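Since the structure comes first, as structure tokens, the remarks are kept for the end.
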Amino acid sequence: MNSEDRVAIQKLPTGVPGLDEILGGGLPEYSFNIIAGAPGGGKTTLAHQIVFANATLERPALYFTVLGEPAIKMLRYQQQFKFFDPAKLNTAIRFVNLSQVVLEKDLNAVLEEIIKEVEAANPSVVVVDSFRTVVRKAGGGIGDVELQGFVQRLALHLTSWQATTFLIGEYTEGEIRDNPVFTIADGLLWLYQQIERNSIVRKLQIMKLRGQASVPGMHTFRITAEGVQAFPRTFGLTGRTDRAPNRQRLPCGVAGFDDMLGGGIPEGDSLLVAGPSGSGKSVFATQFIAEGLRRGEAGIVAIFEERPEEYAGRAASLGMDFQKPQHDGKLTIIYLRPLDLSVDETMREILDAVARTGAKRVVIDSLAGFEMALAPSFRTDFRESLYRMIGALTRTGVTIVTTVEVTETFTELALSPYAISFLSDDIIRLRYVEIDGQLRKVMMVVKMRAGDHSKDIREYEITSEGLRVGERLKGYHGLITGVPEPVDPESRHSAEAADKEGR
């Protein structure tokens, strides 16, 4: 069979942000699917969202309820979601209660009732909620062979009527091997809900999907006022764009610092600002965003340790107006601090804001606050998740400044507690040094992939206008230890003479 003879399988959009990407473009049309998981996992909400996204007057949806909560009670809660459209009820979407048939008759009667309704409505989507209830009611009187025959006939009839079908059930993973329902299904979507300390984490997995490649593994999802929202593990990592060979440099807005980088941060780079508490990491990031705003560039700031109004207030104390740019849509301050966050969710929030505003500059302040906002299970693979997030963001062409706090030991030059230095294109290290009984601040460019950079260790100050970088700190050795010693005057004179000759 050549490619021209193959049947083209159309894909049905789910209406769930992120889920189509996980499925490989959507659900195969006319497929026979199972949505499984424990109670409270979001199965019914997911099914409703798919139904409301696809049902029309020409191709309506049938939603069969079986011994569960009545449709009127179900809809009372489902109408709280924004995807709910009351105009579609009893027109494009019709609910059919099969409870009486299931209680009083056998599986053949249930099948006949479903077929009768399907033939009358010619639906595009059919949902049976809960299909597990049908099986339990008949469980003592039929064997696996009879149950398999029932499911096969149901799938055959619904597929022949060109309906995409969803059977909802509260199953356990241990049933996958022996339950004939899973054998016949074209697609199997499994929803999980885990309690981790004080956090609730929701994940989904496409355990089976015939006809197309889905994204493997566990994907986080959340139920909000919008409905179900999924966060693919591969979000933002596809469609990679190559960096331009001659990228422009973005000025940081820090007096004296751009010279150390050879003119600014290379566009599209990820820069890590590492330093101890109070060293000015957030001030640096604020100036970076403010400089972009001054140049007409939109910016995104993701914060985890203070509220947006506090962040804008601190910027105002440095003479930077963050209120008007927010009002004008040039600046978005994303506040993320729910304690059950996932990295993929954060990535989606930032990338959506970038797409919406056309931002060129992004700040993540800080990694320590970010880690604390995550659910416990996401902290265990924090390094891997950061790799995916930084990669996804830089692929969009934005320039990222990330802050990270390090503890000064005065014995080593630590760059990050997360061993993520390899993720950053450029690294700036801020640190304290003790000189003549004073605690002073110095900065250095530790790494820069795009080219040469200054090797100087420069002193800087935090003023009412932000960071201000001074000249190279001379006359001491051992500055990176934090406890420098004066250089012998004769050695110092020789070094200065050699330095002048080198220039």
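Here are some pairs, 43/208; 73/208; 324/360; 43/116; 43/203; 73/116; which of them have Cα atoms lying more than 21 Å apart in this structure?
73/208; 43/116; 73/116
Separation between the residue 461 and residue 11 pseudo-spin-labels, each 7 Å from Cα along Cα→Cβ, expressed in nm?
So the label points at residue 461 and residue 11 sit 5.9 nm apart.
Using percent of Cα pairs over 38 Å apart as the read-out, say which of (i) 27; (ii) 43; (iii) 36 was calculated from these coordinates.
(ii)
Subtract the Cα-Cα distance of residue 59 and residue 474 from 0.36 nm times their separation in residues, and report this length gain in nm to one decimal.
Stretched fully, the residue 59-residue 474 segment lengthens by 141.6 nm.
Given a cut-off of under 8 Å on Cα pairs at least six residues apart, what relative contact order in percent is computed for segment 8-231?
32 percent
Based on DSSP H runs of at least 4 residues, each adding -39500 (n - 2.57), what is the mean residue ellipticity at 222 nm of the chain after dividing by all its residues, to the nearest 500 deg cm²/dmol?
-9500 deg cm²/dmol
Relative contact order for segment 249-472: what percent, with Cα pairs under 8 Å and sequence separation of 6 or more?
Reported as a whole number, the value is 30 percent.
For the pair residue 210 and residue 483, how long in nm is the line joining their label points, each one 7 Å along Cα→Cβ?
Placing both labels 7 Å beyond Cα along the Cβ direction yields 7.2 nm.
Just add up the charged neighbours of residue 358: K/R +1, D/E -1, any other residue whose Cβ is under 15 Å from the Cβ of residue 358.
In short, +1.
Taking the Cα centre of the chain as origin, work out the dipole magnitude from +1 charges on Lys and Arg Cβ and -1 charges on Asp and Glu Cβ, in debye rounded to 20.
660 debye
Would you mind computing, in nm to one decimal, how far apart the modelled labels at residue 172 and residue 145 are, each placed 7 Å from Cα along Cα→Cβ?
2.8 nm
With contacts defined as alpha carbon pairs under 8 Å and 6 or more residues apart, what's the relative contact order of the chain in percent?
After rounding, I find 14 percent.
Values in this text are rule-based calculations from the coordinates and carry no lab data. Being a predicted model, the structure only gives us computed values, none of them experimental. Glycine also receives a Cβ, built like all others from the backbone with ideal geometry; neighbour counts cover every protein chain displayed.
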